[in-house]
Amino acid sequence: MKKVLAIAAGSVLAACGGGDSTEVSGDPFCQAVLPRVAAYMEQARSQHPTPSDPRYGGTVVIGSIGEVADGLNSAISADHSSTQHQQFVGLMTLVNYDAQLNAQPYLAESWEISEDGRAITFHIRQDVYWHDGERTDANDVAFTYEVVTDPLTAFPNAAFWDHYVKEPEGVEVIDDFTVRISLEPHSEFLDPFRTLGILPEHLLRDVPHDQLAQHPFGEQCPVGNGPFVFVEHRSQDRWVFEANPAFPAALGGRPFVDRYVYRIIPEQTTLLTELLTENIDVYLAPRPDQAQQILDDPNLELLAYTFRNYVFVGWNSRKPQLSDARVRRAITMATNREEIVQAILLGYGTVANSGVPPFHWAYDDENVPTLAYDPTAARALLDEAGWRDRDGDGVRESADGTRLSFSIKYNTGNQQRQDVAEIMQAQLAQVGIEARPQVVEWATLLQQINTPTLRDFDGVVMGWVTEFKLNDMDLFHSARIDQPYAWVGTHNPEIDRLLEQLSVTVDREEAKEVWREYQAAIVEEQPYTYFYFPDRLDGVNRRVRGAVMDARGEWLNIKDWYIDPASR
Amino acid sequence: MADTMAASTTARARARGGRRLSAFLPGAPQLAAGRWGAGGLALLVWLGCLWVLVARLARVVEALGGSWDERLALATLVAALATVWGWSWWDAGRAEGPRRVGVSQWDLAVRAFSKNRTAVAGLMVIVVLYLIALLTPLLAPHDPALQGDLISERYVGLSGAHPLGTDQFARDVLSRLLYGARISLLIGFVSVGISVTIGTLLGAIAGFMGGILDGIIMRVVDMVISFPQLVLLITIIALFEPSIFLIVAVLGLTLWPGTARIVRGEVLTLREREFVQAATALGYSKRRIILRHLIPNALAPVIVAATLGIGNTIVLEAGLSFLGLGVQPPTPSWGTMVADGRNVLLNAWWLSTFPGLAIVFTVLSFNLVGDGLRDALDPRLRS
Amino acid sequence: MTKYLLRRLLGAVPLVLGIATIVFFAVNLAPGDPTLYFLSPGMTQEVVEQTRINFGLDQPVHVRYARWLGAMLTGDFGYSFSHSRPVLDVLADFLPNTLLLSACALGVAFFFGILVGTYQAVRQYSLSDSAFSVVLLFFYSMPSFWLALMLILTLSLFARNVWEWPIWFPASGMTSTEYDFLSFGGQVRDRIAHLVLPTLSLALVLTAGIARYMRGSMLEVIRQDYVRTARAKGLSERVVVFKHALRNALLPIITLVGLYIPVLFGGTVFIETIFAWPGMGRTIVEAINTRDYPLVMAGSFFFASMVVAANLIADVLYAVVDPRIRYE
């Protein structure tokens, strides 16, 4: 008995010692750069002492299901969490959007666009320093631009740079704090600079562009110039940042909170429990069913706002059952999307008719005809398209005997998409369509829909997150029909024309007209059955004050958040 | 002489009385005689089936012309009623004449098992469970895949129309629980069946043949056993599309090594016994010796392992559903119901709790029976 | 003895290699392409191909296998594309956490299992014997993730918010966010507090098996002659049980350790997900989903090796401890 105890105790103690994930990466790059950061921060703290305002201090903890997958390496990230951290936490972007979605200066103090619209010149602030002490200047901007426009880097959002002149002619450093970028005139040309975090040239210039993805800078020792300084990252566990005392006073100075911790918790019930037991301050994206619990707790508040992601079912128009736009429109009419928003999202969402979010200036729901829920009209349309139930089995067939039966694929691990597929199955059965939900593992599903020669699907439940610069070119333009994202195989000259026009129209008023036509054309073509724009939900502990979250993001003004001094 | 005559007269009278009682209420005479296990089960099944017949008369009538599923349920109902009645009649009548107490291994084991109350309780639960699973088309109040009104009927708690509430698609939880029983029990039974068959065969061959064959089979056994089972399952199922067929196949193929080892051990001991040596001397083919002589005698620990295995498989299936790799919607299984309901534990607790309890009690019963079997079959453990 | 040890060690090598090979082919031959995770609109086919080359996925399967085998023999386990780090670094991060959890769970399970099993054997067929069996089996029959969630809800949420108990446990993580600022004593307490719920979820399930085994072993020993002799000598029951019977009954338990380790590693997947424990089980499952081949293979390889090692140690320990067993 004693022996067993001794062995047990011994092994536990031994393992206890090794219980930490490595806090400082063994990588030579990190080992060289992190001490410099620590030294500079020491110096900065003594040069910029914390003001005596009681709002300063405390730690804010955000909990979420997913890892910050690509860290702070803006050259290789497409993940929402990562881009948010790059924009608002660790790095700085050239511009920010205000609540009206107009560009405001951030890292760039000012900018001019040339008369012919072919060049934009940015003037960089001179009081921004990297966290290791080097000053941020135009070379960093030029470097970042070169990296992201180089195909070797494999920048995931390469569509951003469609109308920009690629390196090396595309960017020119005029002096230490002025940089000029060449482009072709097009709309929303500032949007990419809202999301692109500028990278430190002095640290990364020697890294071959095709090896940036593996560089430890992203996830192990990012060095930024933003309001928060990276402290540590324990893989799959947490990221820790602390306030940057040297952040320019003109932009607000150091953040109020001393530390910001991002915790990764993969289980939603656990996340809710942690929020309710006040172990985390913010719970990102709770399920709509959990919203009531948050509303009921007096210590918590629920933030809900429309966001720019939407859920849809894409139809493979190459399949005989789905090649006729009338069939696709009938499917949409047979689906009670309003009810689905009520049922699945508990009302936290808006029905979508195209990829334009409701808060966007291009959104028009008055002048654009939409397909309301109308099963009778759906049946009539199906009859008209030649699909009738000829053998009385409840499922329609075409004249040559093809049954109106197809599968709707969705990926494992996403309850919402599964719900959509199942509800569609039940509702489509009412109009004589047989839809079979089919779950496919994520990587396999991507391969099935992305491979141009494969396109192995009938219907697929998916979601997109759009930027403020809306661009459906990759999705619906016939010239891109063999690129990965042209899942549905749309080949519509009217849509092609409108897409091309939209990408070059600079004036918003002019563009609004074209957007209206485009939205109407989409409704007519129905390449997707658009479902809804789910509201973003966030559970926030009331001790965190000043948090503003909207379509621009959750971390939008994290540097202005403060903890109520009484509850620290 | 007079005593035995008197005794046998009383016995005969008792038997007749018992038979009369048994005509209405099978199981009652056994209960009265103190055999609560057999008697209780018989009575329970009798009353239960009668209730189904009466309360679901409409459904029963429909089932006469329904799908094979419904007709099977009907047949089961009739068979259960007949079996219970017939057995009770025969057993009550057996009170005539002196009882012979058997002393074979089998009889000893049965008696030891019957003394174990928890094991007997477990057995009763299992029998009732399988019966319910077969009778589900007649029992379930609603269609398990039928979605109600999504606005008003979602997440309804325990109520009259839905005794166990509704889920996120306004489907009746009780019906899904009943249909889920079939899937879960089916998966348990078939995969263990597969693994036991393969394992017994390979283990017997390895044990009896020895040599290189033994070496190869045992290497493979070691390999599969060393592998963390769950990781292997996940690897295979995640890489191909999950379906009941795949799950059963993969479960069966990963569980056989345990049985193989057990059987090989048994065969190694049995090999030296006289009856095997005699069989070899008589010139029986190896195949015959393995199939007819070795395997039947090695079965005892296999039965125990199989019973425990069914329980384990049901729990494993729940685990797979947690990872999204279990049975796919809209087919209900207990595992998927528990896994799907875990996100709403705080506001719709009934979604996970009832299937969870169902799993626990079912697996518990299998485990109690397995334990009881082990205690009963192993002479060293009896006092 | 040494001969046996050498033979087993030599035998273990092809075993582990065999496992690794199976895993390699299972993962690599499955549908699904890891580069797809890095896709985004606008990426042309050239970029996709470039990414694929960047990760070394353009070679045919047997070439990849040979390369991997060769690299592994020199200790190079490759690069994890989902973590952007060498695989060994990833393992070094996560493996100790899983080991800590497993060791604690095994420790607790064995402790209580042995205790309860002995008690049950001494009081065979009593009410408490049956009661213990049922209660332990009750926990054994529960899906571990459900048990974990129940524990979180009761001992974390309800304990704090509803019943207002003085002690409640954190629902997730290995350490709290303020860990670095705690005193040494505070840190130890913090770690233990975070270990309680996950360990309990794992241990409760295992205790039943161990108790059962112990009960059987103890029952066997109690009937031996030497125990009867001890009793006849007039020694107190307690001395008989603890001093004589228990020691001998414990021997077969050692082999259980080897048996339970693969079970434990498999079971940690759910616990690690629910308790946000940064461990190996969770990592491997995610690696499978992202088709991160190098990580899956290395992880499985390590798991299997540890299991083989544990079995070997258990067998050797058993031989050392029991003089009747001598392997040729």
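Return the only residue of B:69, B:107 being under 27 Å from residue B:136 (Cα atoms) and either modelled with pLDDT of 80 or more or not small (Gly, Ala, Ser) (or both).
Numbers: B:107 fails: under 27 Å from residue B:136 (Cα atoms).
Of the residues listed, the single one that is under 27 Å from residue B:136 (Cα atoms) and either modelled with pLDDT of 80 or more or not small (Gly, Ala, Ser) (or both) is B:69.
Does residue A:293 satisfy the criteria of being within 14 Å of another protein chain (Cβ to nearest Cβ), farther than 23 Å from residue A:363 by Cα and more than 25 Å from the chain's Cα centre (by Cα)? If you could, list the steps in order and put the result at the bottom.
Values: within 14 Å of another protein chain (Cβ to nearest Cβ): yes; farther than 23 Å from residue A:363 by Cα: yes; more than 25 Å from the chain's Cα centre (by Cα): yes.
Judged against the criteria, residue A:293 is a match.
Going residue by residue through segment C:191-199, is there one that turns out to be in a helix (DSSP H, G or I), at pLDDT below 90 and in the same structural domain as residue C:130 (by TED's automatic domain parsing)? Break it down stepwise before answering.
Keep residues of segment C:191-199 that are in a helix (DSSP H, G or I), which gives C:191-199.
Pick out the ones that are also at pLDDT below 90 and you get none.
Within segment C:191-199, none of the residues are in a helix (DSSP H, G or I), at pLDDT below 90 and in the same structural domain as residue C:130 (by TED's automatic domain parsing).
Quick one: how many residues across segment A:416-436 are among the polar types (S, T, N, Q), open to solvent by less than 40 Å² (accessible area, probe 1.4 Å) and touching a residue at least 60 places away in the same chain (Cβ under 8 Å)?
So the first thing to find is which residues in segment A:416-436 are among the polar types (S, T, N, Q), and the list is A:416, A:418, A:425, A:427, A:430.
Right, trim to open to solvent by less than 40 Å² (accessible area, probe 1.4 Å) and you get A:418, A:427.
Then drop every residue that is not touching a residue at least 60 places away in the same chain (Cβ under 8 Å), which leaves A:427.
Selection size over segment A:416-436: 1.
From B:308, B:316, B:291, B:270, which residue is within 30 Å of residue B:129 (Cβ to Cβ) and out of contact with any Gly (no Cβ under 6 Å at 6 or more places or on another chain)?
On the way: B:308 fails: out of contact with any Gly (no Cβ under 6 Å at 6 or more places or on another chain); B:291 fails: within 30 Å of residue B:129 (Cβ to Cβ); B:270 fails: within 30 Å of residue B:129 (Cβ to Cβ).
Of the residues listed, the single one that is within 30 Å of residue B:129 (Cβ to Cβ) and out of contact with any Gly (no Cβ under 6 Å at 6 or more places or on another chain) is B:316.
Identify, by number, the condition in (1) within 9 Å of another protein chain (Cβ to nearest Cβ); (2) crowded, with 24+ Cβ neighbours inside 10 Å; (3) of a type outside the set (S, T, N, Q); (4) more than 16 Å from residue B:324 (Cα to Cα) that residue C:278 doesn't meet.
In the conditions (1) within 9 Å of another protein chain (Cβ to nearest Cβ); (2) crowded, with 24+ Cβ neighbours inside 10 Å; (3) of a type outside the set (S, T, N, Q); (4) more than 16 Å from residue B:324 (Cα to Cα), residue C:278 misses (2) alone.
Among the residues of segment A:421-441 satisfying the criterion of being not in a strand (DSSP E or B) and not hydrophobic (A, V, I, L, M, F, W, C), which is farthest from residue A:330 (Cα to Cα)? Before you say what the answer is, go through the steps one by one.
Keep residues of segment A:421-441 that are not in a strand (DSSP E or B), which gives A:421-433, A:441.
If we keep only those that are not hydrophobic (A, V, I, L, M, F, W, C) too, we end up with A:422, A:425, A:427, A:430, A:432, A:441.
Working: A:422: 18, A:425: 14, A:427: 12, A:430: 12, A:432: 11, A:441: 29 Å.
So the residue we want is A:441.
In segment B:261-275, what count of residues is obtained for those that are among the basic types (Lys, Arg) and not in a helix (DSSP H, G or I)? Reasoning before the result, please.
First pass over segment B:261-275, keeping only residues among the basic types (Lys, Arg): B:261, B:264, B:271, B:273.
With not in a helix (DSSP H, G or I) added as a condition, the list becomes B:273.
Final tally of qualifying residues: 1.
In the set B:345, B:377, which member is more than 22 Å from residue B:133 (Cα to Cα) and free of Cβ contacts under 8 Å to residues at least 12 places away in the same chain?
Details: B:377 fails: free of Cβ contacts under 8 Å to residues at least 12 places away in the same chain.
Answer to the selection: B:345.
Answer yes if at least one residue in segment C:89-102 is crowded, with 19+ Cβ neighbours inside 10 Å, on the phi > 0 side of the Ramachandran plot and hydroxyl-bearing (Ser, Thr, Tyr), and no otherwise.
No, segment C:89-102 contains no residue that is crowded, with 19+ Cβ neighbours inside 10 Å, on the phi > 0 side of the Ramachandran plot and hydroxyl-bearing (Ser, Thr, Tyr).
Collect the residues in segment A:44-60 that are more than 33 Å from the chain's Cα centre (by Cα) and either part of a loop (DSSP other than H, G, I, E, B) or among the basic types (Lys, Arg) (or both), keeping them in residue-number order.
A:45, A:48, A:49, A:50, A:51, A:52, A:53, A:54
Based on this model, can you work out whether residue C:146 counts as of a type outside the set (S, T, N, Q), surrounded by 14 or more Cβ atoms within 10 Å (Cβ to Cβ) and away from chain B (no Cβ under 11 Å)?
Details: of a type outside the set (S, T, N, Q): yes; surrounded by 14 or more Cβ atoms within 10 Å (Cβ to Cβ): yes; away from chain B (no Cβ under 11 Å): no.
Against the criterion (of a type outside the set (S, T, N, Q), surrounded by 14 or more Cβ atoms within 10 Å (Cβ to Cβ) and away from chain B (no Cβ under 11 Å)), residue C:146 does not qualify.
Taking into account only those residues within segment B:268-300 that are open to solvent by less than 40 Å² (accessible area, probe 1.4 Å) and of a type outside the set (Val, Ile, Thr), which is farthest from residue B:201 (Cα to Cα)?
Within segment B:268-300, the first condition is being open to solvent by less than 40 Å² (accessible area, probe 1.4 Å), and the residues that meet it are B:270, B:276, B:279, B:289-290, B:294-295, B:298, B:300.
This time we only want the ones that are of a type outside the set (Val, Ile, Thr), so: B:270, B:279, B:294, B:298, B:300.
Numbers: B:270: 15, B:279: 19, B:294: 10, B:298: 11, B:300: 15 Å.
Out of the qualifying residues, it is B:279.
Inside segment C:232-272, can you point out the residues that are without any contact (Cβ under 8 Å) to a residue 60 or more places away in the chain, facing chain B (nearest Cβ under 9 Å) and open to solvent by less than 60 Å² (accessible area, probe 1.4 Å)?
C:262, C:266, C:269
Using the structure shown, decide if residue C:320 is in a helix (DSSP H, G or I) and facing another protein chain (nearest Cβ under 10 Å).
Details: in a helix (DSSP H, G or I): yes; facing another protein chain (nearest Cβ under 10 Å): no.
The answer is no for residue C:320.
In segment B:305-325, is there at least one residue being in a helix (DSSP H, G or I) and more than 14 Å from chain C (Cβ to nearest Cβ)?
First, pick out the residues of segment B:305-325 that are in a helix (DSSP H, G or I): B:305-322.
Now drop any that are not more than 14 Å from chain C (Cβ to nearest Cβ), which leaves B:306.
The answer is yes, given that some residue of segment B:305-325 is in a helix (DSSP H, G or I) and more than 14 Å from chain C (Cβ to nearest Cβ).
Could you list, in sequence order, the residues of segment B:276-300 that are in a loop (DSSP other than H, G, I, E, B) and under 19 Å from residue B:211 (Cβ atoms)?
Step one: of segment B:276-300, the residues in a loop (DSSP other than H, G, I, E, B) are B:282-285.
Across segment B:276-300, the qualifying residue is only B:285.
In segment A:442-473, what residues are of a type outside the set (Val, Ile, Thr), open to solvent by less than 20 Å² (accessible area, probe 1.4 Å) and either more than 10 Å from every other protein chain (Cβ to nearest Cβ) or over 24 Å from residue A:331 (Cβ atoms) (or both)?
A:443, A:455, A:457, A:459, A:462, A:468
State all residues of segment B:301-321 that are aliphatic (A, V, I, L, M) and either without any contact (Cβ under 8 Å) to a residue 60 or more places away in the chain or loosely packed, with under 14 Cβ neighbours inside 10 Å (or both); if no residue qualifies, say none.
Kept after step one, since they are aliphatic (A, V, I, L, M), are these residues of segment B:301-321: B:302-306, B:308, B:310, B:314-316, B:318, B:320.
Matches in segment B:301-321: B:315, B:318.
When both residues are 6+ apart or on different chains and their Cβ atoms are under 8 Å apart, which pairs have a first residue that lies in segment A:446-461 and is assigned by TED's automatic domain parsing to the domain that holds residue A:417, and a second that is outside any loop (DSSP other than H, G, I, E, B) and of a type in the set (Ser, Thr, Tyr)?
Final answer for the pair search is A:446/C:37; A:457/A:407; A:458/A:407; A:459/A:407; A:460/A:410; A:461/A:410.
Pairs needed: first member in segment B:9-38, at positive phi and touching a residue at least 40 places away in the same chain (Cβ under 8 Å); second member anywhere, aromatic (Phe, Trp, Tyr) and open to solvent by less than 80 Å² (accessible area, probe 1.4 Å); C-beta distance under 7 Å; at least 6 residues apart or different chains.
Taking only residues 6 or more apart or on different chains, the pairs are B:27/B:46.
Which members of segment A:264-290 meet the condition of being at the interface with chain C (Cβ under 7 Å from one of its Cβ atoms) and of a type outside the set (S, T, N, Q)?
Filtering segment A:264-290 for residues at the interface with chain C (Cβ under 7 Å from one of its Cβ atoms) gives A:264-267, A:269-270, A:273-274, A:276-277, A:279.
Passing the criteria: A:264, A:265, A:266, A:267, A:274, A:276.
Residues of segment C:103-134 being more than 25 Å from the chain's Cα centre (by Cα) and open to solvent by less than 10 Å² (accessible area, probe 1.4 Å), which ones?
Let us first name the residues in segment C:103-134 that are more than 25 Å from the chain's Cα centre (by Cα), namely C:119-131.
Correct list: C:120, C:121, C:129.
Please work out if residue B:365 is within 12 Å of chain C (Cβ to nearest Cβ), among the hydroxyl-bearing types (Ser, Thr, Tyr) and at negative phi. Give the derivation first.
Numbers: within 12 Å of chain C (Cβ to nearest Cβ): yes; among the hydroxyl-bearing types (Ser, Thr, Tyr): yes; at negative phi: yes.
Answer is yes for this residue.
Taking strands (runs of 3 or more DSSP E) that fall entirely within segment A:299-407, which contain at least 2 residues that are open to solvent by less than 20 Å² (accessible area, probe 1.4 Å)?
On the way: elements: A:300-306, A:309-315, A:349-351.
Here the list reads A:309-315.
Just to be sure, is residue B:347 facing another protein chain (nearest Cβ under 10 Å), farther than 30 Å from residue A:407 by Cβ and either open to solvent by 10 Å² or more (accessible area, probe 1.4 Å) or part of a loop (DSSP other than H, G, I, E, B) (or both)?
On the way: facing another protein chain (nearest Cβ under 10 Å): yes; farther than 30 Å from residue A:407 by Cβ: yes; either open to solvent by 10 Å² or more (accessible area, probe 1.4 Å) or part of a loop (DSSP other than H, G, I, E, B) (or both): yes.
So residue B:347 passes the test.
Collect the residues in segment B:325-338 that are buried (at least 24 other Cβ atoms within 10 Å of the Cβ) and more than 13 Å from residue B:144 (Cβ to Cβ), keeping them in residue-number order.
Scanning segment B:325-338 gives B:325, B:326, B:335, B:338.
List every residue pair whose Cβ atoms sit under 7 Å apart, with the two residues 6 or more apart in sequence or on different chains, where the first one lies in segment A:157-169 and is within 12 Å of another protein chain (Cβ to nearest Cβ) and the second, anywhere, is among the charged types (D, E, K, R) and buried (at least 19 other Cβ atoms within 10 Å of the Cβ).
So the pair list comes out as A:159/A:474.
The values are calculated or read from the model by the stated rules, or taken from the named source; none is laboratory data. Bear in mind the structure is a predicted one, so any value in this text is a computation, not a measurement. Counting neighbours? That spans all protein chains shown, and the Cβs are built from the backbone with ideal geometry, glycine included. Accessible surface areas use protein heavy atoms only, side chains included; no ligands, DNA or RNA. Shrake-Rupley method; radii C 1.70, N 1.55, O 1.52, S 1.80 Å.
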